[in-house]
Structure formats: structure tokens, C-alpha cells
Amino acid sequence: MAHEHEALAAALLQFGPLYRSWVEECAPTHCQGARVRLLTMLYHKPSLPMGFYARILGISKAHMTTVVDDFLAADLLTRSHDEYDRRAVHLCLTDTGRAQAEAVWVQWVAQSALAFADVTEAEKEVFLAVCGRVSERMKGTSCPLQDTSC
């Protein structure tokens, strides 16, 4: 059983970054890494607090601020204050940002389709179900086995 868990941990560790870098090859060169992921997140989940996006992207608040400042300068997004929490800042794509996000998303979907070209429909359904369950389990949880010695 322990070996199975090690294999799953190794697969997740390798798969996440590998998939992300492989699919990001289609993104514009000025929009790689956290930038392209933020663009696609804003496309699908608009007008959420900046901290939410930073947490999901796994980047620091300082890095998030840099990305947001770059996007503001390029007229890709707007920011607004939360009416209930003055500390919270919401992000929303501009028309320019939405057009760029849509173009990136179309490329991302096409690139992903290539990865699954030899996978049967039944295997795709299982993959989607497992990814969904694992994602739900990971959302909003921190590592219960956190070791501060690293």
C-alpha cells in the first residue's frame, strides 16, 4: 500500500508541472507561467478576490501584485474593491483581456486534445472523475502532515 501511495505522489508531482509547461507552449511568450494561468482563471472565474487567485496559483501576494500591475498596464484587467470587505480587491478582465484569454483558452484546449488523442472515451471519463474527486479533496485544505524541517 505504501508503494502505491509513493507512486501516486510521484505521478502528481511530475504530472502537474509537466502538463502545465507542455500546454503553456501555446501561450504568447509575454504570458507564460502564472500569467497565462491567471488569464484562464479570470476567463472562467471572473471577479473574485485577488487573494483567491494567488492561493490557487500558488504564488505569493507580492508576485500576484506584480502580475496584476502588468495586466493593468496592458489593459487586460480592472480591479475593484469589495463592497463588504475594503481590504479585498476583485479582478475582472477587460474586453481586451477577455479576447486574449479566449484565444489562449482555445489554444490550451487544442493542445490538451492532442495529449488525449490515443485515450479512449471511457478512459477520459475515468480520468475526469478521478481528477474531480482529487481536486475537491485538495481544495481549501492544507497539508496535514506539514513538516517544518524542509
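Listed values, structure above:
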item	result
Long-range neighbours under 9 Å by Cβ, at least six apart or interchain, first residue more than 9 Å from Pro49 (Cβ to Cβ) within region 80-100, second among the basic types (Lys, Arg)	His81/Arg87; Cys92/Arg79
Residue list for region 29-61, restricted to those being closer than 21 Å to Glu102 by Cβ, part of a loop (DSSP other than H, G, I, E, B) and out of contact with any strand residue (DSSP E or B) (no Cβ under 6 Å at 6 or more places or on another chain)	Thr29, His30, Cys31, Gln32, Gly33, Lys45
Residue that is modelled with the highest pLDDT [pool: residues in region 61-103 that are out of contact with any Leu (no Cβ under 9 Å at 6 or more places or on another chain) and among the basic types (Lys, Arg)]	Lys61
Flag if Ala54 is over 15 Å from the mean Cα position of the chain (by Cα) and of a type in the set (A, V, I, L, M, F, W, C)	no
Yes/no for Asp75 being without any contact (Cβ under 8 Å) to a residue 40 or more places away in the chain, surrounded by 10 or more Cβ atoms within 10 Å (Cβ to Cβ) and in a helix (DSSP H, G or I)	no
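The values are calculated or read from the model by the stated rules, or taken from the named source; none is laboratory data. Just so it is clear, the structure is predicted and the values come from calculations on it, not from any experiment. In this analysis, Cβ positions are derived from the backbone assuming ideal geometry, glycine residues included, and neighbour counts consider all displayed protein chains.
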